[in-house]
């Protein structure tokens, strides 16, 4: 029935990995101190696997899976089945994966598993549901267009990965969503929703043998097929990029983005620590200088993204239109200073932040299921908590300076702006220097 079973134990997380004959991977983690169970299905589908004409199809399919099955005929019946026992059910699409998840009290585990399997294996994709959901997704896209904060995040991705899957809005655009057919959706579904492209991650108050048996019985006959490798990212930026979208609003929303590191790069944890030092938290450099000392922004923060063959460090801020030049200069100055000096105390604090976030997050069954499943679906390996902590601890100030000088260069700067900015493109472009 199975190809392999292995047990792993690390930092309080004991999980079993089972690979079934059809390639389906099951990760089961027993958390006896909880009364909940979280089930997450990870599918290798998202913009990374979409052609230009298919933009948004993964997200569209995720929505449609909640619209009805042969057993549960409507979205109301699906949601009511879980909500009536106090549980939560939802899904999500990211750049390189799609998830379907449910969290319930442990006594309702089998019901939750049955509902999720029903969605993935028996969704009807009715023409009427497709037409209705098409309009809903277009309204979702309109909502993003109307939100400067969300819109600028879409624009910075387009600058970082122009004309490439990672640069597209996950929801696609109104033109592609309007044109997608039921036949396209069924073809994409059948070529990506496969057992050898799926990871089931379950964490909580469970019996490992019982979970393995139940999942195997329910999904053991699911037929595998050849997988798509996904479309590659081409990182060839040779000059700064700037995009301004005028909006008559109260603030200028800006994102400054720099290409980063993939999941597999040995310096990925150095990038994470650089982002923490720069702009994650109320004691970060950007927050202290830009907000507390200079009063240039209410919200300013940074974050690091990692993908299979790419990544980015992104800074987001909302500033007064009359002070956008001053704010951008101050932000770039803080970015530039990362290349010059990082103290041992800053690094030590950043390491504690990174470790603390990880360990605290793993007190929740859904986060544990996500921690295991995300690594497995994206990297085909699972680093233990202790291994990650060791990698974080191994980073030195010399490493941070080296990585900062490698990444933070003039030709890699990208600036996206949404707000009341007119006739300033030339001036702002000149400021894109480190």
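Each reported figure results from applying straightforward, stated rules to the coordinates on display, with no laboratory input. Source: prediction; values computed, not measured. All Cβ positions, even for glycine, are placed from backbone atoms using ideal geometry, and neighbour counts span all protein chains on display.
Data for the structure
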read-out: Angle between the chain longest axis and helix 109-122 axis [Cα atoms, degrees, rounded to 10]; value: 80 degrees
read-out: Semi-axis lengths, Å, segment 2-219, gyration tensor of Cα atoms, sqrt of 5 times eigenvalues; value: 31, 20, 17
read-out: Mean-position separation - Cα centroids, segment 399-430 and segment 315-353, in angstrom; value: 12 Å
read-out: Fully extended contour minus Cα-Cα distance, from residue 355 to residue 391, at 0.36 nm per residue; value: 11.9 nm
read-out: Angle between the chain longest axis and helix 268-279 axis [Cα atoms, degrees, rounded to 10]; value: 50 degrees
read-out: Span from the segment 287-313 Cα centroid across to the segment 123-173 one, whole angstrom; value: 24 Å
read-out: Gyration tensor (Cα) of segment 118-246, equivalent ellipsoid semi-axes in angstrom; value: 35, 21, 17
read-out: For 105, 93, order by how many other beta-carbon atoms lie within 10 Å, fewest first; value: 105, 93
read-out: Burial ranking of peptide ranges 126-135, 194-203 (average Cβ count within 10 Å, highest at the top); value: 194-203, 126-135
read-out: Model label zone, residue 320; criterion: amide N under 20 Å from point 7 Å along Cα-to-beta-carbon; scope segment 413-428; value: 418-424, 428
read-out: Ranking of 161, 101, 222 by count of other Cβ atoms within 10 Å, fewest first; value: 222, 101, 161
read-out: Cβ crowding within 10 Å averaged over residues, with 319-332, 384-397 ranked highest first; value: 319-332, 384-397
read-out: Cα principal axis extents for the chain, largest first, Å; value: 62, 48, 39
read-out: Between 0 and 90°, nearest 10: helix 397-407 axis offset from the chain longest Cα axis; value: 80 degrees
read-out: Share antiparallel - DSSP beta bridges, the chain, percent rounded to 5; value: 80 percent
read-out: Solvent-free Debye scattering, log10 I(q)/I(0), computed from the Cα coordinates of segment 241-430 at q = 0.08, 0.17 Å⁻¹; value: -0.29, -1.13
read-out: Order of 310, 283, 345 - criterion: other Cβ atoms within 10 Å of each residue's Cβ, fewest first; value: 345, 283, 310
read-out: Per-pair calculated FRET efficiency, R0 = 30 Å: residue 427 and residue 340 via Cβ, rounded to 0.05; value: 0.70
read-out: Over segment 178-262: Rg over Rh, Cα atoms, Kirkwood Rh; value: 1.17
read-out: Residue-averaged 222 nm ellipticity for the chain, from DSSP H runs of 4+ at -39500 (n - 2.57), nearest 500; value: -13000 deg cm²/dmol
